[in-house]
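A short reminder: the numbers here are calculations on the coordinates, not readings from a lab. Since the structure is predicted, the reported quantities are computational estimates derived from the model, not experimental observations. No Cβ is skipped: glycine too gets one built from the backbone with ideal geometry, and neighbour counts run over all protein chains shown.
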Amino acid sequence: MFEVYQSSLIGLWLILATIMIQAMVAIRVHRRQKGGYKPGIVDPSLDHSSFVFRTHRTFQNSIENVIPILGMSVIAMLAEYSASRLSTIIWIYAISRIIHMILYYKIATNKNPSKRSIFWAIGFLVSLYFMVDLGFYLLASYLYG
C-alpha cells in the first residue's frame with residue numbers, strides 16, 4: 001500500500017528534515033548570541049531585526065503549522081486517498097515552507113504582511129484545501145462505500 005505513496009512519504013520526510021534543520025540553526029544561533037545565553041529563553045525584547053528572534057520564530061512557526069498536514073496525511077494514506085493528489089498537496093506545502101524559511105531568515109522586517117507571508121499563506125491554504133477535500137473524501141467513502 002505505501003509504495004503508492006512513495007512521493008508523499010519523501011515529501012513528508014522533506015518537511016520533517018526542514019524542521020530539524022530549522023531547530024539546529026535556531027540552537028546554534030541562540031547559543032552564539034552575545035549578552036548571555038539562557039537555555040530555552042529568547043529575550044522578549046528582540047524583534048525581527050534579530051537573527052536569534054527570526055530563527056526561533058521560523059522553527060516555532062513550522063512546529064505550529066506541521067501538525068495538521070502530518071495528521072491529515074496519515075489519515076489520507078490509511079483511507080487510500082488519491083496518491084497523486086496527496087503528493088501534490090504535500091510537495092506544494094513542503095516547497096512553500098522551505099521558501100518561507102529562507103525568506104524569514106533573510107527579511108529583517110517587522111512589517112506584516114511581508115514577502116514571507118505569501119509562502120506562509122500558500123502552505124496554510126493548501127492545508128485548508130486538504131482538510132476540506134479529505135473530509136469530503138472520507139464522508140463520501142463512508143456514505144457510498
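Points worth noting:
- For the stretch 51-68, 3J(HN,Hα) per residue [Karplus equation, 6.51 cos²θ - 1.76 cosθ + 1.60, θ = phi - 60°, Hz, x = Gly/Pro]: 5, 4, 4, 5, 5, 5, 5, 4, 4, 4, 4, 5, 4, 5, 9, 7, 4, x
- Note on the stretch 1-84: percent of Cα-Cα distances in each 10 Å bin, starting at 0 and stopping at the bin with the largest distance, equals 16, 37, 22, 16, 9, 1.
- Over the residues of the chain, the helix contribution to mean residue ellipticity at 222 nm works out to -27000 deg cm²/dmol, using -39500 (n - 2.57) for each DSSP H run of at least 4.
- Packing here is the average count of other Cβ atoms within 10 Å per residue, and on that basis the peptides 91-98, 110-117, highest first, run 91-98, 110-117.
- Check: the chain dipole with +1 on Lys, Arg Cβ and -1 on Asp, Glu Cβ, in debye: 900
- Across every pair of non-identical alpha carbons in the chain, the mean reciprocal distance, once inverted, gives a Kirkwood radius of 16.6 Å.
- Taking a Cβ cut-off of under 15 Å around Gly71, the surrounding Lys, Arg, Asp and Glu residues balance to a net charge of -2, with basic ones at +1 and acidic ones at -1.
- The slack between Lys115 and Leu139, meaning 0.36 nm per residue of separation minus the straight C-alpha distance, is 5.0 nm.
- Extended-chain gain in nm, criterion 0.36 nm per residue less alpha-carbon gap, His48 and Ala108: 21.1 nm
- Subtracting the Cα-Cα distance of Ile75 and Leu16 from 0.36 nm times their residue separation leaves 19.5 nm of extension gain.
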